[in-house]
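The next block holds one structure in the form of structure tokens; read it before the comments.
The values are calculated or read from the model by the stated rules, or taken from the named source; none is laboratory data. Just so you know, these numbers come straight off a predicted model, no measurement behind them. Reconstructed Cβ throughout: ideal geometry from the backbone, glycine too, with neighbour counts over all protein chains shown.
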Amino acid sequence: MHSITQQHIRERLWYRYQRRLAPYLFISPFYILFVVFALGPLIAALYFSMIKWPGTGPMTFLGLANYLELFEDEIFLKSLGNTTYYAIGAVFVILPVALFLALLINAAVVRAKSLFRIAFILPVLTSTVAATIMFLLMFEHQYGLFNVALEAVGLNALKWLDEELVKLSVLLVAAWRYTGLSMLYFLAGLQSIPTDVYEAASVDGAGRWTTFWQITLPLLRPVSLFVVVVSIIGSFQFFAEPLLLAGGGPNNASLTIANYLYRVGFSYLRMGYASAVGYILAVIIFILTLLQLKFFGAFGRS
Amino acid sequence: MSSTTSTQVAPSTRRPLRYYQIGSHLFITVMLLLSFIPTYLLITWSFKNGLQYRWERWAISFPLRWRNYVAAWDIVGDYMINTLIVAFIGLMGMLLLSLIGGYVFARMDFPFRETLYYAIIALLMVPWVLSFIPAYMVYVRLGLLNTRWAMIIPELAGGPIFGIFLMRAFIAGIPEELFESARCDGAGVLDLIGRITLPLSLPGLATLAVLNFIGVWNSFLWPLVMIQDDAKQMIAVGLYKLARSATYGGVAGWTSQDFSVWGPLYAGYVIASLPLVLLFIVLGKFYVEGLVDSGLKV
């Protein structure tokens, strides 16, 4: 009798213990992977950003020397400028177009919504490499589609991949590929706005313009925050398109930070310096994200 | 054919609706045509031989040269199979981890829950390029260079960050009564996850699957440094190498005078885009629903 009770208690304790532990057990596989392969490298990057290491052999501790060098590194500063250009283009050119398209498609008067939705998402579904090479051929000076079209309407052919225009061309490729995706996010947000809100506004005599600024845009704030953050992070990680279109050139005119980081790490074999490039990038994105959260008022609501 | 979706602009009967309607359709159609041009060229060029490519570049040429696709499959087939293997294993693991993580954070109560949750959400905003070099070194140390694991693990370690965020919001929206009545019937946690949460969160999982698959399919920088063995190479890098070899080293311009290389190359691009298109046709509806129902409201 005595032993049975003890066993009973032990079982109950184990049961309780197990229940307490269950949540941790369930999420531990992810956290282990996360710490080893995501968080670990992130923290290690801080240390690596202060060393000199050519990929093999001993590491030399440099302190902040890598960071100091960065501020005088003209190519780095240029790539930072280019990346900022792409980010500004993504947020202030691509996103408004995406929002405008989403508004139009969502409007009651437009028919065949699902057709338009799928048609605009098609560019996202093509392979990045394939799409960029298509554009490369369309940008070609003599036979490319863009110049053929310009000449057909009596305008001068442009040198799309020269130093002056290459950033714009890269942005054009990005616009073609990603406008549809952002539009889809906006559309999802628009469709989650209840119809009666608009009906109420209409009863109150609000015009189209007022409705947009006073109702649609504020209600879209969570989606907008999401899309802006994703766009900015995307631009700061922008890698394949500038590389494929112009190799980051000419004269580094289209080079992004990610392109430069790769070049420093794997062509110049300066692992420490490349990590410093990465960390500066992280600090910039961190500040930008805080600013956005503040701007969109995400702190106040959560 | 009246639309039942929410109206963006409440149509007032007095406005000259017709002009507005025509204008909207016209604008969207023009944008659509512009956005369709590269796709049109890609498909048209994939059916051309060298001469057709040289002389009839912008039009559809007949007879269609289906042979290009046979030639292309010989080149891109292996890259695609490699990518599909990696994407499938990684995707299944990622979805499982996201589902469990989402359930735990949405439905279970335990010490440090918020801390643990925000520890990952904070990293949602971190661009992974930043830790690219140390990550590379970790993979090299663990002997993962040139293996499929090097492609699968990032999906499992990074994918669930957004996955848990999305699934938590999604699962939090499932009515508690469902779980309550299942518990009364003696269901354990695994039943609650597998029998209730899973079927009800399919749109969320579809959203994740589409996003993740697009990511893996276009993943370029990571396989470029991690995979040296061409037999294990992923599709994006494979296509890149292909373009380089077709143009004898320089992608830029018309460096290749042999115009017959282009047809199969474009056919390869078309084939390489098909899985994404198919996936979207199958899951696209869920994908949009999932976005509406979950993450974007948080």
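Quick notes on this structure:
- Residues being hydrophobic (A, V, I, L, M, F, W, C) and more than 21 Å from B:A272 (Cα to Cα) are entirely absent from the range B:70-90.
- Any hit, the range B:195-207, residues being small (G, A, S), over 23 Å from the mean Cα position of the chain (by Cα) and either assigned to a helix (DSSP H, G or I) or surrounded by 14 or more Cβ atoms within 10 Å (Cβ to Cβ) (or both): no
- Lone qualifier among B:F27, B:F88 - being more than 10 Å from chain A (Cβ to nearest Cβ), loosely packed, with under 15 Cβ neighbours inside 10 Å and aromatic (F, W, Y): B:F88
- In the set (1) aliphatic (A, V, I, L, M); (2) modelled with pLDDT of 85 or more; (3) over 30 Å from B:M151 (Cα atoms), the condition left unmet by A:L70 is number (2).
- Of the helices (runs of 4 or more DSSP H) lying entirely inside the range B:105-173, not one contains at least 1 residues that are in contact with a strand residue (DSSP E or B) (Cβ under 8 Å, 6 or more places away or on another chain), touching a residue at least 12 places away in the same chain (Cβ under 8 Å) and not aliphatic (A, V, I, L, M).
- Test for B:A122: is it loosely packed, with under 15 Cβ neighbours inside 10 Å and modelled with pLDDT under 85: yes
- Answer from A:I118, A:I105 - the residue that is in the same structural domain as A:L184 (by TED's automatic domain parsing) and crowded, with 22+ Cβ neighbours inside 10 Å: A:I105
- Picking from residues in the range A:53-66 that are within 14 Å of chain B (Cβ to nearest Cβ) and surrounded by 16 or more Cβ atoms within 10 Å (Cβ to Cβ), the one that is farthest from A:T179 (Cα to Cα) is A:W53.
- None of A:I280, A:I257 is on the phi < 0 side of the Ramachandran plot, at pLDDT 85 or above and within 14 Å of the chain's Cα centre (by Cα) except A:I257.
- When B:Y139 is tested against (1) within 9 Å of another protein chain (Cβ to nearest Cβ); (2) of a type in the set (F, W, Y); (3) closer than 29 Å to A:F226 by Cα, just one condition goes unmet, and that condition is (3).
- The criterion of at least 2 residues that are in contact (Cβ under 8 Å) with a residue 60 or more places away in the chain and surrounded by fewer than 19 Cβ atoms within 10 Å (Cβ to Cβ) is met, among helices (runs of 4 or more DSSP H) falling completely within the range A:189-247, by A:221-236.
- When A:G272 is tested against the conditions (1) more than 8 Å from every other protein chain (Cβ to nearest Cβ); (2) more than 20 Å from the chain's Cα centre (by Cα); (3) surrounded by fewer than 22 Cβ atoms within 10 Å (Cβ to Cβ); (4) of a type outside the set (S, T, Y), the lone failure is (3).
- Residues of the range B:103-129 that are more than 10 Å from chain A (Cβ to nearest Cβ) and farther than 25 Å from B:L221 by Cβ: B:A106, B:E114, B:T115, B:Y118.
- Among helices (runs of 4 or more DSSP H) entirely within the range A:99-172, having at least 1 residues that are more than 7 Å from chain B (Cβ to nearest Cβ) and farther than 30 Å from A:L217 by Cβ singles out A:128-138, A:145-152.
- Positions within the range B:38-70 being surrounded by fewer than 17 Cβ atoms within 10 Å (Cβ to Cβ) and assigned to a helix (DSSP H, G or I), in sequence order: B:Y40, B:I43, B:G50, B:L51, B:R54, B:W55, B:R67, B:V70
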